[in-house]
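*Asks:* Shown below is the structure under consideration.
The values are calculated or read from the model by the stated rules, or taken from the named source; none is laboratory data. Note that the structure is a prediction, hence the values are computed from the model and not measured. As a convention, Cβ positions derive from the backbone with ideal geometry for all residues, glycine included, and neighbour counts pool all protein chains shown. Note: accessible area is taken over every heavy atom of the protein model, side chains too, but ligands, DNA and RNA are not part of it. Shrake-Rupley method; radii C 1.70, N 1.55, O 1.52, S 1.80 Å.
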Amino acid sequence: MTTVAIDSLLPKPGLSFRPKANVLLKPSRSLNCYRNPKLLFSRGACSCSFKPGRRIHVVEASSTDAAVIDTFEAFSSDDVLYKETFPVKRIEKVEGKIYIRLDQSEDQKNWQLAVGCSLPGKWILHWGVSYVGDSGSEWDQPPKDMRPPGSIPIKDYAIETPLKKLSKGDMFHEVKIELNPSSAIAAIHFVLKDEETGAWYQHRGRDFKVPLVDYLEDDGNMVGAKRGFGIWPGALGQFSNMLLKSETSQANAQSSSKESKDSKKENRQLEGFYEEQSIVKKVPMGNFVSVAVRKCSETSKNILYLETDIPGDVLVHWGVCRDDVQTWEIPAAPYPPETTVFKNKALRTQLQPKGTGNGSRASFTLDEDLVGFLFVLKLEDNTWSKFKGNDFFIPLSGATSVVGQLAQSDSVSEEISSKAYTDGIITGIRNLVSGLNSKKSQKTKTKEAQESILQEIEKLAAEAYSIFRSSITTFSEEAVLEIEAPKPAVKISSGTGTGFEILCQGFNWESHKSGRWYMELKEKASEISSLGFTVIWLPPPTESVSPEGYMPKDLYNLNSRYGTIDELKELIKSLHEVGLKVLGDVVLNHRCAHYQNQNGVWNIFGGRLDWDDRAVVGDDPHFQGRGNKSSGDNFHAAPNIDHSQEFVRKDLKEWLCWLREEIGYDGWRLDFVRGFWGGYVKDYLDASEPYFVVGEYWDSLNYTYSEMDHDQDAHRQRIVDWINATNGAGGAFDVTTKGILHSALGKCEYWRLSDQKGKPPGVVGWWPSRAVTFIENHDTGSTQGHWRFPGGKEMQGYAYILTHPGTPAVFYDHVFSHYRSEIAALISLRNRNKIHCRSTVKIVKAERDVYAAIIDDKLAMKIGPGSYEPPSGSQRWSSALEGNGYKVWELS
Amino acid sequence: MEVSVIGSSSQAKICKTELAYRDLRFCFGKNNDKSKILSRKPNSVCFESQTARFRKARLRFTLEAVHSEAVLESKSSTGSNSLDKVRLFVGLPLDTVSDCNTVNHARAIAAGLKALKLLGVEGVELPVWWGVVENEAMGKYGWSGYLAVAEMVQKADLKLHVSLCFHASRQPKIPLPKWVMQIGESQSSIFFRDRSGQHYRESLSLAVDDLAVLNGKTPIQVYHDFCASFKSAFSPFIGSTIMGISMGLGPDGELRYPSHHKPAKSDKITGIGEFQCYDLNMLNLLKQHAEANGNPLWGLGGPHDAPTYHQSPNSNNFFRDHGGSWESPYGDFFLSWYSNELISHGNRLLSLASSIFGDTAVNVYGKVPLMYSWYKTRAHPCELTAGFYNTASRDGYEAVAQMFARNSCKIILPGMDLSDAHQPHESLSSPELLLAQIRTACGKHKVQVSGQNLASGAPGSFQQIKKNMLGENVLDLFTYQRMGAHFFSPEHFPSFTEFVRSLSQPELHSDDLLAEEEEATESVHTSSDANIQMQAA
């Protein structure tokens, strides 16, 4: 019999401890031990030992006969320091089968569906029917006369009928349902439920379905074959375990005879069948581990005797401790036979089968100065058995209170299990705690742990912040406004400039080709400034393996395809002269190596920063770094820098400061910041104190079946999380807004431009002062065109970002194109109305074909073919600018 | 006073014995030394451990008798007691539960709780509003929203401090229960009234405490029923998750008169406030008191020569530094009566709370305001109008502390973040001196003090809080106000994080090292694997 994956939808793993005599347990590993009168300890022995009055899981050990094994018995004398029996819970898989039989009753009129199960349990058939002509997957309650006695209706769509044993000695439980073939019932649907465990058994993750008429819709979970319908593609193949038995043919005969009787219902060619499916029930099993400690009078050592009734090979993973905190250590020899040392931390001893043939045991000789014996059990199927999730702890010094010790381990495990977001965070806290304990060798490690916790905290805080902030309660809104409002308009906050910045991307993908880009740009400096830009972003200046500059090699070599270091300095000087701030495009994520290591892998650096492979992250096999794991995504074309290394960070900070002071950059455009943790960026920004910073955190938006989701909160959340990790010290490109504009403008879905809260749906709707809005850059557009803005809609895009809060960035190709005058007009409108990165947006229309908003009560704008006019009330709006698909008004 | 003590296993016994010392004051040694509990006072007890086996026990001392309750703590927190030691709470948003009894921004709070837990914060404070729970009709309580929050807190493995708010809130708007407001419409004398006839509708006048003005019940009875209902509804949490309950004592939950109807604008210096003794029942009490004192004429109204709300002390005669009426026999008569009424009111509420919660493990707290404006004048007009007869020549807080001591309650003091340096010079205010004065009075009467901040994230506030927390007198706990958008904003949260981390001692004694941490994490991993398997089952 093959096993079909029948999902048991066990809702909770919290199985009750229910040792049961079980005739059907399959192989010899089964727990027939329960029937063995010679085995194990009385119920009393097991419950009395658990300290009354404390929070403990009460152990329902049932049906064990009182008889104690000889060896363990021997420990009941006076020299016993400790004696304890622990319950051990295991999950045992029990195989059985479900059968489904459809046949005609004796009177040949009615049909009968029988469902049975060979496993013991409190089986319930949870079932319903569907009628001919029903669509969808809804169930209906069967007619009353179909319901077997004992059925209980569940809401209005199902019936639960218990399965009963056919006779007392029978191992099958069964239920029979009478069917009237002339009724309009198209199919019977059911699942099997075991009330004992609460587990549900389904068929391929769905209901079992027994079709009674020609059920065309083959959705793969039908049971039972049909004749008369010639093609039943794959029906047999779908049920590898289906056993067509001799009854089938018999039933066939019956049905065909019926067919002839009832010729009008030609399509109701019911056919009997019999089918079996194997199921696996996970049965919680109760076993025991007993431990006794005795003082050996001759050697003054402690003898610890351990035995268990768990079948199969059992390995004790153990150690001893000398103090209260249960620090594992390996005791001195001798060890029991079949003991190995595991990773220098623990010992592993294979338990020896007991003489009686049930279970296994071992005894350990331990020095008397040890405080405790710690162990866990490793079972045959590679699962671990613990004391309520924790190590077993056996106190060895007789004077100490056994109860307290147990209670301690008890509460540990309960605490762990009671937490919703348990393990990760517990581990985290432990790491943090250990992190605070400064042991030199662990310094880096603990630092990392701390950082990851801080990172987690920051993430959570960012999440909480964004929700509190976006919730409509006036309370929090005001609180936020209070923070932002008092900032004087010209105050420069670190990394975000004045708030009135407008960014120009001063290059495209081809700019390196001339070899003298710096000089070409220098000539355009005053022109760019006169268009109203305040910040210009220059291409990556370092020596690079690729001509565009994004594969940097020697960071201090600023002679690139764009020009020499002196030309760069000259350019920056003239840009400053016309009032532009200059952003350097710095690539911190990766760096190309100068030399190969002994394996021929390029991961040794040269130049002024001659790092070795410790500066390369350790989790990219291509580059065989010896650094720590990457704190972000990996960029696979070059060695990714391990920013967790102190020396790397120190060098990078120095480099940035050098760029600031020596070369004259005012701020940074940070390449591929997905590659490393934002907390490091914060570090770099704190050191280099830039005037303006924007990071490229570019990942994919959320799509469902190639249709972009309306809700891009998760996407912008990731960007906001990054900004938060940098402590808000800089902004990030609002990739979310670009993506949404693509759909809104490209597919005429302008409704997308308002999120569920009526705010802009991009980063700009959540954290406008840190959002750098853009519609195109050298990657998305230019000659690469990885993600090009919908053609012809560029001006609508600019009408959006240049009127909205956030810091807008305009791409070089658009500045020097036929859009130039329109862009200039929008910029001057923005500047004239003093729209800044924290301006408020009131979205007044977000419909299929039009989006309109009023910004700061000074500007009104619309994009899209639909119509919108600003309100004609006390305020007088006058048209300021109009173009293809957009219009902007200002107050007159 | 709540102290964590680490000691030998025999300690449970020591704790159970009734300690005669009324002056127990434990605190931790700086280096978190496990073997010793240092005592600051010479006559206090010092526990020393004898065996190598320690257990943590938490002892609770109330003033005269010693309650003890040994709570065994887990191994994992043994390791993290550098964080445990700082008993830091954070207030949940005032509108955590709104009037339709739903939890507002539950997702944000859930994330916030996790973040706080990771930071090592001990618990959160939850304002429970009379106007939310018993809003519809008297005796009809809806606890569901708050129970849901308590469950969230429990799940996050944090402690909960509940503030029972029998007052209303302006921002966010949470009024008194509807049925109370309805009664108030026809019977405005249940509210405080000032000289000009304005009513203060955000809490009931203390003069009606024992008058059957609420559908035949007295407010005290109504508060009592409320507390009793709270106790039964939250019984699964009390003593385990809920470790403290603040009893609302008046306006903003504080023990005071609403002497400032409207808070002064932030750019203005807080005025002196006005006496609130003009509602019918207050005037009755005053009249009776005056007659009993043989001065019936003094019982006709409040001081005629007191300035109005935002005036300065010297603008009229009453509070004048020299020769003001406050120093006259009449002034003393009036101020004694006025302040005694407030203390009696506090006593009624706190004894009510202790009688209900006395048999549980929770501590009962009451909040005393920090009326620090004009503290440097002789008359302390702000404190006088608020009901604290504290002047240059009279300590008004002794009686208050005594009242708290009588009821075995702890005092919450706000304004731990305020430093004199940041006060406008002209206001003649001194939050630090006033705080010190109240804390001295509390120390005298063995009343434990826990702290709160008033503003959030103001310059220097964290340093000031730290100074108050870790200074000479150890605080029972500190509640930081309050979670919300600003709290988690990038402008504020990083400095809060830094503050919390700076509280835990960075260097620990070597024997605190969790040496087997690898093993520990490994076992956590395997157990989580086991969980996964179980889930799949």
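*Asks:* Suppose R0 equals 45 Å. What FRET efficiency, 1/(1 + (r/R0)^6) with r the Cβ-Cβ distance, do residue B:229 and residue A:152 give to the nearest 0.05?
*Replies:* 0.75
*Asks:* Probe radius 1.4 Å, ligands and nucleic acids left out: can you give me the accessible area buried at the B-A interface, summed over both chains, in Å² to the nearest hundred?
*Replies:* The summed interface area works out to 6600 Å².
*Asks:* Rounded to the nearest percent, how much of the accessible area of segment A:503-838 (1.4 Å probe, protein heavy atoms only) is carbon and sulfur?
*Replies:* Carbon plus sulfur share of accessible area: 47 percent.
*Asks:* If you only keep lysine pairs separated by 8 or more in sequence, or across chains, how many in segment A:298-395 come under 16 Å at the Cα atoms?
*Replies:* Taking the Cα cut-off of 16 Å, the pair count is 4.
*Asks:* With a 1.4 Å probe and all protein chains in place, put A:807, B:102 in order of accessible area, largest first.
*Replies:* Correct descending sequence by accessible area is B:102, A:807.
*Asks:* Can you pull the accessible area of residue B:394 for me, 1.4 Å probe, Å² to the nearest 10?
*Replies:* Probe radius 1.4 Å; accessible area of residue B:394 about 100 Å².
*Asks:* Label-point separation (nm) for residue A:526 and residue A:383, each offset 7 Å from Cα along Cα-to-Cβ?
*Replies:* Inter-label distance under the simple model: 8.1 nm.
*Asks:* Accessible area of residue A:660, 1.4 Å probe, to the nearest 10 Å²?
*Replies:* Surface open to solvent at residue A:660 totals about 70 Å².
*Asks:* Here's a follow-up. How much of residue A:295 can a 1.4 Å solvent probe reach, expressed as accessible area in Å² and rounded to 10?
*Replies:* 80
*Asks:* Next question. For a Förster distance of 41 Å, can you work out the FRET efficiency between the beta-carbons of residue A:622 and residue B:421, rounded to the nearest 0.05?
*Replies:* That pair, residue A:622 with residue B:421, gives E of 0.10.
*Asks:* For residue A:510, project a label point 7 Å along Cα to C-beta. Then give me every residue of segment A:791-814 with its amide nitrogen under 19 Å of that point.
*Replies:* Correct set: A:791-792, A:811-814.
*Asks:* Once you put a point 7 Å from the Cα of residue A:341 and another 7 Å from the Cα of residue B:355, both along the Cβ direction, what distance in nm separates them?
*Replies:* 7.1
*Asks:* Related question: Let me make sure I get this right: for segment A:503-838, a, b and c are the square roots of the gyration tensor eigenvalues over alpha carbons, sorted descending. Under 1.5 in a/c it's rounded, otherwise prolate if a/b > b/c, else oblate. Which is it?
*Replies:* Cα axes put segment A:503-838 in the oblate bin.
*Asks:* Turning to a different aspect of this structure: Mean separation of Cα pairs under 8 Å and 6+ residues apart, divided by the residue count of segment A:298-395: what relative contact order is that in percent?
*Replies:* With pairs under 8 Å counted, the relative contact order is 36 percent.
*Asks:* Which distance in nm do the two modelled labels at residue A:556 and residue A:184 give, with both placed 7 Å along the Cα-to-Cβ direction?
*Replies:* Spacing of the two 7 Å Cα→Cβ label points: 8.8 nm.
*Asks:* Among the listed pairs A:459/A:834; A:459/A:682; B:231/B:444, give every one whose C-alpha distance is greater than 22 Å.
*Replies:* Listed pairs above 22 Å: A:459/A:834; B:231/B:444.
*Asks:* Let me ask another. Ordering B:310, A:126, B:425 by accessible area with a probe of 1.4 Å, largest first, what comes out?
*Replies:* B:425, B:310, A:126
*Asks:* Still on this structure: With a/c under 1.5 counting as rounded, go ahead and sort segment B:87-503 into rounded, prolate or oblate using the C-alpha gyration tensor (a ≥ b ≥ c being the square roots of the eigenvalues; past the cut-off, prolate if a/b is larger than b/c, else oblate).
*Replies:* oblate
*Asks:* Set the Förster distance to 41 Å, then compute FRET efficiency between residue A:784 and residue A:832 from the Cβ-Cβ distance, nearest 0.05.
*Replies:* E(calc), rounded to 0.05, equals 0.70.
*Asks:* Related question: Okay, which of segment B:209-235 sit inside 19 Å, backbone N to the point 7 Å along the Cα-Cβ direction of residue B:187?
*Replies:* Residues B:209-226 qualify, since their backbone N sits under 19 Å from the label point.
*Asks:* Same structure, new question: Leaving ligands, DNA and RNA out of it, rank A:526, B:186, A:631, A:118 by accessible area with a 1.4 Å probe, largest first.
*Replies:* These residues rank, largest area first, as B:186, A:526, A:631, A:118.
*Asks:* For segment B:73-225, rounded, prolate or oblate, judged on the Cα gyration tensor with a ≥ b ≥ c (square roots of eigenvalues), a/c < 1.5 rounded, else prolate if a/b > b/c?
*Replies:* prolate
*Asks:* Pull up the DSSP beta bridges for segment A:503-838 and report the antiparallel fraction as a percent, rounded to 5.
*Replies:* Restricted to segment A:503-838, the bridges split so that about 25 percent are antiparallel.
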